[in-house]
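The values are calculated or read from the model by the stated rules, or taken from the named source; none is laboratory data. Not measured: the values here are computed from a predicted model. Here the Cβ positions follow ideal geometry from the backbone for every residue, glycine too, while neighbour counts run over all protein chains shown. Accessible surface is based on the protein model in full, side chains and every heavy atom, while ligands, DNA and RNA are left aside. Shrake-Rupley method; radii C 1.70, N 1.55, O 1.52, S 1.80 Å.
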Amino acid sequence: MNQPADTPPTAVTHADRLLEFLEQRRNTLAPLLILMHDYPDPDALAAGFALQHLVQTMVGVESRLFYGGAVGRTENREMVRLLKIRIHKVKRGVFKKEARVALVDTQPGFGNNAFPRKRRATLVIDQHASAAPPEADLVIIDPHCGATCVIVAQALLRQAAPIPPRVATALAYGILTDTLDLYRATRPDVLQTYLAVLQHCDMRLLARIQNPQRPQNFFATLGKGIRNATVSRRLLVSHLGAVSTPDLVSQVAEFLLAYRQLHWCLVTGRCQGRLHASLRTNRPDAQAGEVLREVFGERRLAGGHGAIAGGSCLVGLEAPDEAWAEREQTLTARLMKRLRISSEIEPRKPFAR
Ligand SMILES: [Mn+2]
């Protein structure tokens, strides 16, 4: 066993519960479908990919990995391509009655996945706290694990078999991105798990995923995000207008949060009839997910944790420009109110020419 030392009882329990469940259900797991959230991030991809590997090696069940939306970020596309992660877009009819569904990095009832309402899941593995426990045969929710893929990694590490380089590389990158380079890895076993998978990593592939070559539209969108930025007190807001993928919205938000003296950053982008918003904060105790849910008004439209939140609302494929602008302004106004920033101060445009 190559289980990390100092694993606290809770983490052991989660990994053990998962292994026990797979063992018990080994003859009734097929056909298994693993569902990630829409616009899957590296943590969702790593959790799904590692679960697929675990189920295949441990109980011999082949599964397929599904997502909604798109894989947008250049890093994430490179992750999928270089690690040869086979993912399938959710289409109508994939959730057949006989299919067993495992959700990773999301839950039934969350607005960010394609899982049918009122359907019971087989397995849920997630790091996001939820108001009501999801309907599933096994539910593992650990809000302090840093990244959902940590839970799957710990189960894999408790197996005698070595972790293949492609799976280990996915896990390492998933942990790094979800914990902001381990800054949010507050529990010792998260760091231990990272170090344990790192030993099996393909470092060259990891470096290529982290430093990809980027297309023209990335720089065009980033330039727009910088020029459009307005600052009121410690809040920066930037509306990108039309974007090719919602991942650009979160990427620009992360980039702009680095502007000195900011505490909060909100970036929006219009994509396929929906207004996508990303909220980032560097306040240690802030709950960005809660704040963004309040700003959206409807709870299921947004989600997140600590420093990171995202959400989207329908505006309409044919909506006129005024409808989009109105929604952008409403979100901004509600966020300012929530952060107690007076709307009477004229916002600065620090980077406009
Ligand atoms: Mn995650």
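The table that follows gives values for the structure above.
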{"read-out": "The lone exception for A132 - which of (1) modelled with pLDDT of 95 or more; (2) in a loop (DSSP other than H, G, I, E, B) it fails", "value": "(1)"}
{"read-out": "Counted residues, the range 96-118 - those being of a type outside the set (V, I, T) and either closer than 23 Å to D142 by Cβ or crowded, with 17+ Cβ neighbours inside 10 Å (or both)", "value": "13"}
{"read-out": "Pair list, Cβ under 7 Å, 6 or more apart: the range 58-79 residue farther than 23 Å from Q213 by Cβ, other residue surrounded by 22 or more Cβ atoms within 10 Å (Cβ to Cβ) and among the polar types (S, T, N, Q)", "value": "S63/Q52; L65/Q52; G68/N113"}
{"read-out": "Residue among A5, A70 that is away from the ligand (no atom under 16 Å from the Cβ), under 15 Å from I85 (Cα atoms) and at pLDDT below 95", "value": "A70"}
{"read-out": "Residues of the range 79-100 classified as out of contact with any Leu (no Cβ under 9 Å at 6 or more places or on another chain) and either not assigned by TED's automatic domain parsing to the domain that holds P116 or not in a loop (DSSP other than H, G, I, E, B) (or both), total", "value": "2"}
{"read-out": "Matching option when the condition is out of contact with any strand residue (DSSP E or B) (no Cβ under 7 Å at 6 or more places or on another chain) and over 24 Å from E254 (Cβ atoms), among A352, A286, A319, A333", "value": "A319"}
{"read-out": "Within the range 61-78, considering residues that are more than 18 Å from V249 (Cα to Cα) and acidic (D, E), the one most open to solvent (accessible area, probe 1.4 Å)", "value": "E62"}
{"read-out": "Every residue from the range 147-191 that is in a helix (DSSP H, G or I), within 16 Å of the ligand (Cβ to nearest atom), open to solvent by less than 40 Å² (accessible area, probe 1.4 Å) and among the hydroxyl-bearing types (S, T, Y)", "value": "T148, Y173"}
{"read-out": "Any hit, the range 199-207, residues being modelled with pLDDT under 95, surrounded by fewer than 19 Cβ atoms within 10 Å (Cβ to Cβ) and under 26 Å from V167 (Cα atoms)", "value": "no"}
{"read-out": "Residues located in the range 107-127, provided they are within 16 Å of the ligand (Cβ to nearest atom) and touching a Pro at 6+ places or on another chain (Cβ under 7 Å)", "value": "Q107, V124, Q127"}
{"read-out": "Yes/no for R338 being open to solvent by 30 Å² or more (accessible area, probe 1.4 Å), over 21 Å from V231 (Cβ atoms) and among the basic types (K, R)", "value": "no"}
{"read-out": "Within the range 34-60, tally of residues that are of a type outside the set (V, I, T), out of contact with any helix residue (DSSP H, G or I) (no Cβ under 6 Å at 6 or more places or on another chain), open to solvent by less than 10 Å² (accessible area, probe 1.4 Å) and more than 12 Å from the ligand (Cβ to nearest atom)", "value": "1"}
{"read-out": "R300 being open to solvent by 90 Å² or more (accessible area, probe 1.4 Å), assigned to a helix (DSSP H, G or I), within 30 Å of D43 (Cβ to Cβ) and outside the structural domain of A147 (by TED's automatic domain parsing)", "value": "yes"}
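Matching residues to (1) at positive phi; (2) open to solvent by less than 40 Å² (accessible area, probe 1.4 Å); (3) in the same structural domain as D181 (by TED's automatic domain parsing); (4) outside any helix (DSSP H, G or I):
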residue: G289; (1), (2), (3), (4): no, yes, no, no
residue: V295; (1), (2), (3), (4): no, yes, no, no
residue: C313; (1), (2), (3), (4): no, yes, no, yes
residue: G316; (1), (2), (3), (4): yes, yes, no, yes
residue: A319; (1), (2), (3), (4): no, yes, no, yes
